[in-house]
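Report on the following structure.
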Amino acid sequence: MGKAEEAFSVCLSAKELLYTNDSVLIDDLTLSTLQIVFQRLDHLDIATSCYEYACGKFPNNLDLMMGLFNCYVREYSFVKQQQIAIKMYKIVGEERFLLWAVCSIQLQVLSLVPTLIFFNSFVPPPER
C-alpha cells in the first residue's frame, strides 16, 4: 500500500469514527487535517460531508461553519456558500459574513454569464 492509499485509509477510518462514536470530540483541527488530506487526494466531497456532519451536530460552532464555508468555496458551491454565510451572520452579526454572502451571490451571477452568452448566440433577436 502506497503512502496516498494509506493516508486515505486512515482518514476514512477517522471519518467513520467521527460519525459513529458520540464520545469522540469533533474539533476544527481534526476536520481541517482531514480536509487537507482529502483535498490532496482529490476527494473534496468527503471533506465537505465531514464538515456538514459536524455543523449538523454543533449548529452554532462558528469555527466549524467557517470550515464548511471554505469547503464550499473549494467546490465552487456558490449557493451553499451564500446560505452558510448568512447563517454565520445571523449567529454573530458580523458584517464580514454579509460580505461573504454578497460575494457568493455575485459569483452565482458571474457563473451564469457564459451560459447566457451561449444561449443568446443561438436565439435570434425579437422582431420589432
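The values are calculated or read from the model by the stated rules, or taken from the named source; none is laboratory data. The model shown is predicted, which means the values in this text are computed figures rather than measured ones. Note that each Cβ is placed from the backbone with ideal geometry, even for glycine, and that neighbours are counted across all protein chains shown.
Looking only at the stretch 12-42, residues that are under 18 Å from LYS80 (Cβ atoms) and out of contact with any Cys (no Cβ under 7 Å at 6 or more places or on another chain) come to 1 in all. When the stretch 1-59 is filtered for residues that are among the polar types (S, T, N, Q) and closer than 15 Å to GLU75 by Cα, the ones remaining, listed by number, are GLN35, GLN39, THR48, SER49.
For PHE8, the requirement of being surrounded by 16 or more Cβ atoms within 10 Å (Cβ to Cβ), among the hydrophobic types (A, V, I, L, M, F, W, C) and at pLDDT 95 or above is not met. Checked against the criterion of being crowded, with 17+ Cβ neighbours inside 10 Å and farther than 30 Å from LEU112 by Cα, the candidates LEU18, LEU25, LEU64 yield just one match: LEU18. Cβ-Cβ distances below 7 Å connect the following pairs, each with a first residue in the stretch 74-95 that is more than 15 Å from THR48 (Cα to Cα) and free of Cβ contacts under 8 Å to residues at least 60 places away in the same chain, a second residue that is hydroxyl-bearing (Ser, Thr, Tyr) and surrounded by 17 or more Cβ atoms within 10 Å (Cβ to Cβ), and a separation of six or more residues or different chains: GLN82/SER104; ALA85/SER104.
In the set (1) in the same structural domain as VAL109 (by TED's automatic domain parsing); (2) under 16 Å from the mean Cα position of the chain (by Cα); (3) surrounded by fewer than 16 Cβ atoms within 10 Å (Cβ to Cβ), LYS90 fails one condition alone, (2).
Is it the case, given these coordinates, that ASP42 is of a type in the set (Asp, Glu), surrounded by fewer than 11 Cβ atoms within 10 Å (Cβ to Cβ) and free of Cβ contacts under 8 Å to residues at least 60 places away in the same chain?
Criteria met by ASP42.
Annotation: of all residues in the stretch 4-24 being part of a helix (DSSP H, G or I) and polar (S, T, N, Q), the one that is nearest to ALA54 (Cα to Cα) is THR20.
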